[in-house]
Amino acid sequence: MRYPKIRKAIFLHRPNRFIAHVLLDGKNETVHVKNTGRCKELLVPDATVYLEESDNPVRKTKYDLIAVEKIVNAQELLLINMDSQAPNKVAAEWIRENKTYFPKLTLLKPEFTLGDSRFDFYAEYEDNDGLHHKSLIEVKGCTLGKDGVALFPDAPTLRGLKHVRELTALRKSGEYECMILIIVQMKGCKFFTPNRETHADFADALKEAKASGVKIIAVECEVTPDTLLAKDEIEVKL
């Protein structure tokens, strides 16, 4: 995916989950933060951030904060996309292009409602033997990295836990294939693992999901100030 209008700024502080103050062209600007997570390890004073300029003239804020440079060590800066709306867009591109898991995609429907639940994607495809498959896909965006390891979540997620348990139950029923797709919004992580320290129940639920046949896939992304592109699968350790 690509952002059409990007500006570079300096992060100052974040008074609440929804807005931040940045220094843009020498002036203090209030911007919308497109991630309501904590992101405390990312949004630190004086960090370089990237803003997407909006064309909507009636918006209260002109810019969305979508990426940040994180100092990994004295010699290296890592650019991390923290736009919470981006993973689903990247996931849609990845699903359409991936011939390993979706050899002959015939249908891809976002925001799919099933009973009282809603999943990020419903897909139908034919395998190389001509057999028809139905698949439910839930997407999680990962912005937390420690010592080269991608971690999710960065805060307890009851919604995420509910999704994992629902997919586990549906997979056990045998009607659907199910996948949890972790979009790692950075490059260079050695593997993905659930953040047990933050949410042990979520980590346990992922383990049960995999044991029940739910595919747990993590894909790292190439990040530039104006693009986020899915690249390679990385190992998942549960």
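Taking each residue of the stretch 145-158 that is polar (S, T, N, Q) and looking for partners that are surrounded by 14 or more Cβ atoms within 10 Å (Cβ to Cβ) and part of a strand (DSSP E or B) with beta-carbon atoms closer than 9 Å, six or more apart or interchain, yields T157/K140.
Residues that are of a type in the set (S, T, N, Q) and under 24 Å from Q85 (Cα atoms) within the stretch 157-189 comprise T157, Q185, listed in sequence order. Across the stretch 201-236, what is the number of residues that are open to solvent by 40 Å² or more (accessible area, probe 1.4 Å), within 25 Å of T168 (Cβ to Cβ) and outside any strand (DSSP E or B)? Here the count works out to 6.
Within the stretch 35-93, the set of residues being in contact with a His (Cβ under 7 Å, 6 or more places away or on another chain) and charged (D, E, K, R) comprises just one member, D64.
Which residues, counting only those in the stretch 9-46, are among the basic types (K, R) and modelled with pLDDT of 95 or more? Can you show your working first?
Just the residues of the stretch 9-46 that are among the basic types (K, R), to begin with: 14, 17, 27, 34, 38, 40.
Matches in the stretch 9-46: R14, K27.
Quick check on R165: is it farther than 22 Å from I95 by Cβ, open to solvent by 10 Å² or more (accessible area, probe 1.4 Å) and either in contact (Cβ under 8 Å) with a residue 40 or more places away in the chain or of a type in the set (G, A, S) (or both)? So R165 fits the description; yes.
Consider G141 carefully, then state whether it is touching a strand residue (DSSP E or B) at 6+ places or on another chain (Cβ under 8 Å), modelled with pLDDT under 95 and crowded, with 22+ Cβ neighbours inside 10 Å. Show your work before the answer.
Values: touching a strand residue (DSSP E or B) at 6+ places or on another chain (Cβ under 8 Å): yes; modelled with pLDDT under 95: no; crowded, with 22+ Cβ neighbours inside 10 Å: yes.
It is false that G141 is touching a strand residue (DSSP E or B) at 6+ places or on another chain (Cβ under 8 Å), modelled with pLDDT under 95 and crowded, with 22+ Cβ neighbours inside 10 Å.
Test of understanding: among P4, P57, P110, P87, which residue is modelled with pLDDT of 95 or more and farther than 22 Å from L144 by Cβ? Give the steps one after another, and end with the answer.
Details: P4 fails: modelled with pLDDT of 95 or more; P57 fails: modelled with pLDDT of 95 or more; P87 fails: farther than 22 Å from L144 by Cβ.
P110 is the lone residue from the list that is modelled with pLDDT of 95 or more and farther than 22 Å from L144 by Cβ.
Taken together, E220, E166 contain a single residue that is within 17 Å of G141 (Cβ to Cβ) and touching a strand residue (DSSP E or B) at 6+ places or on another chain (Cβ under 7 Å), which is E220.
Here are some residues: D120, D129, D83. Which one is in a strand (DSSP E or B), of a type in the set (D, E) and out of contact with any Leu (no Cβ under 6 Å at 6 or more places or on another chain)?
Working: D129 fails: in a strand (DSSP E or B); D83 fails: in a strand (DSSP E or B).
The match here is D120.
Here the stretch 71-89 is the region considered, the condition is being of a type in the set (D, E, K, R) and either open to solvent by less than 50 Å² (accessible area, probe 1.4 Å) or without any contact (Cβ under 8 Å) to a residue 12 or more places away in the chain (or both), and the residue that is farthest from H21 (Cα to Cα) is E76. Just a yes or no: is a residue in the stretch 174-185 over 24 Å from A67 (Cβ atoms), in contact with a His (Cβ under 6 Å, 6 or more places away or on another chain) and not hydrophobic (A, V, I, L, M, F, W, C)? Yes - at least one qualifying residue is present in the stretch 174-185.
Restricting to the stretch 133-151, what's the tally of residues that are at positive phi and within 13 Å of the chain's Cα centre (by Cα)? Show your work before the answer.
Let us first name the residues in the stretch 133-151 that are at positive phi, namely 147-148.
Add one more test, that the residue is within 13 Å of the chain's Cα centre (by Cα), and what stays is none.
Final tally of qualifying residues: 0.
Scan the stretch 99-124 for residues that are out of contact with any helix residue (DSSP H, G or I) (no Cβ under 7 Å at 6 or more places or on another chain) and buried (at least 18 other Cβ atoms within 10 Å of the Cβ) and the total you get is 3.
The values are calculated or read from the model by the stated rules, or taken from the named source; none is laboratory data. Note that the structure is predicted; figures quoted are calculated from it, not measured. We place every Cβ from the backbone using ideal geometry, glycine too, and count neighbours over all the protein chains shown. Calculation scope for accessible area: heavy atoms of the full protein, side chains included, ligands and nucleic acids excluded. Shrake-Rupley method; radii C 1.70, N 1.55, O 1.52, S 1.80 Å.
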